[in-house]
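Student: Structure below; questions to follow.
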Amino acid sequence: MANPSTTGPSGIGSEVLRRVQFNGLGDSENTILTVGTDMIITVLTLTICDIAGASGKQSTIFFSPDGSGACYLSYLVPLPANGTFVWNDKFVLTETDILKISCSSTNHDIYCSYIEQEFA
């Protein structure tokens, strides 16, 4: 089926408020959300919290449009020891997009709230 963000809804579907969280993520590229077929996700808020207590950390938020490449939303944002970074700007992901976060050290907690719209 075609991308629902360009073809519009068929009149049937659902809209659900959801959340996802991760505890103690490592210092690698972490997948937060993967958008399924016939889906649109509107990310409402994304919180990154350092629980390791070390200074000089950075985080990067990006997504892979259609599952390939990278489109950066924030790049190397400083994260203080025991600090929190909150992304409150809304953005939309469409089918096959993948939202990812990369942190420069271990022990980060992630919380993401979003609206999931499914079109039949």
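Student: Within the range 77-103, can you find the residues that are loosely packed, with under 15 Cβ neighbours inside 10 Å and in a loop (DSSP other than H, G, I, E, B)?
Tutor: Pro80, Ala81, Asn82, Gly83, Asn88, Asp89, Lys90 - these are the residues of the range 77-103 that are loosely packed, with under 15 Cβ neighbours inside 10 Å and in a loop (DSSP other than H, G, I, E, B).
Student: If Ser59 satisfies all but one of (1) at positive phi; (2) among the small types (Gly, Ala, Ser); (3) buried (at least 18 other Cβ atoms within 10 Å of the Cβ), what's the number of the condition it fails?
Tutor: Unmet for Ser59, out of (1) at positive phi; (2) among the small types (Gly, Ala, Ser); (3) buried (at least 18 other Cβ atoms within 10 Å of the Cβ): (1).
Student: Output the residues belonging to the range 40-64 that are of a type in the set (Lys, Arg) and under 10 Å from the mean Cα position of the chain (by Cα).
Tutor: none
Student: Which ones in the range 104-120 are aromatic (Phe, Trp, Tyr), crowded, with 18+ Cβ neighbours inside 10 Å and under 14 Å from the mean Cα position of the chain (by Cα)? Steps first, please.
Tutor: Taking the range 104-120 and keeping what is aromatic (Phe, Trp, Tyr), we get 111, 114, 119.
Keeping just the survivors that are crowded, with 18+ Cβ neighbours inside 10 Å gives 114, 119.
Across the range 104-120, the qualifying residue is only Tyr114.
The rows are residues; the columns are (1) of a type in the set (Lys, Arg); (2) touching a Cys at 6+ places or on another chain (Cβ under 8 Å).
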site: Thr37; (1), (2): no, no
site: Phe62; (1), (2): no, yes
site: Asp66; (1), (2): no, no
site: Tyr75; (1), (2): no, no
site: Pro80; (1), (2): no, no
site: Lys90; (1), (2): yes, no
site: Leu93; (1), (2): no, no
site: Thr96; (1), (2): no, no
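Student: Residue pairs, Cβ under 6 Å, 6 or more apart or interchain, first in the range 46-67 and touching a residue at least 40 places away in the same chain (Cβ under 8 Å) and assigned to a strand (DSSP E or B), second surrounded by 21 or more Cβ atoms within 10 Å (Cβ to Cβ) and of a type in the set (S, T, N, Q). List them.
Tutor: Here the result reads Ile48/Ser59, each pair linking the range 46-67 to a residue that is surrounded by 21 or more Cβ atoms within 10 Å (Cβ to Cβ) and of a type in the set (S, T, N, Q).
Student: Mind listing just one residue for me: the one in the range 83-108 that is touching an Asp or Glu at 6+ places or on another chain (Cβ under 9 Å) and among the acidic types (Asp, Glu) and, of those, nearest to Thr45 (Cα to Cα)?
Tutor: Here the answer is Asp97.
Student: Next question. Return only the number of the condition from (1) at pLDDT below 80; (2) touching a Leu at 6+ places or on another chain (Cβ under 7 Å); (3) among the hydrophobic types (A, V, I, L, M, F, W, C) that Ala2 does not satisfy.
Tutor: Here Ala2 clears every test but (2).
Student: Among what's in the range 19-45 and is at pLDDT 85 or above and in a loop (DSSP other than H, G, I, E, B), pick the residue that is farthest from Phe119 (Cα to Cα).
Tutor: The selected residue is Val35.
Student: Return the pairs, sorted by first residue and then second, in which the second residue is surrounded by 16 or more Cβ atoms within 10 Å (Cβ to Cβ) and of a type in the set (Phe, Trp, Tyr), the first residue lies in the range 71-96 and is under 26 Å from Thr37 (Cβ atoms) and in contact (Cβ under 8 Å) with a residue 40 or more places away in the chain, the beta carbons are less than 8 Å apart, and the residues are 6+ apart or on different chains.
Tutor: Here the result reads Leu93/Phe63, each pair linking the range 71-96 to a residue that is surrounded by 16 or more Cβ atoms within 10 Å (Cβ to Cβ) and of a type in the set (Phe, Trp, Tyr).
The values are calculated or read from the model by the stated rules, or taken from the named source; none is laboratory data. All figures in this text were calculated on a predicted structure; none of them were measured in a lab. Glycine gets a Cβ as well: all are built from the backbone with ideal geometry, and neighbour counts include every protein chain shown.
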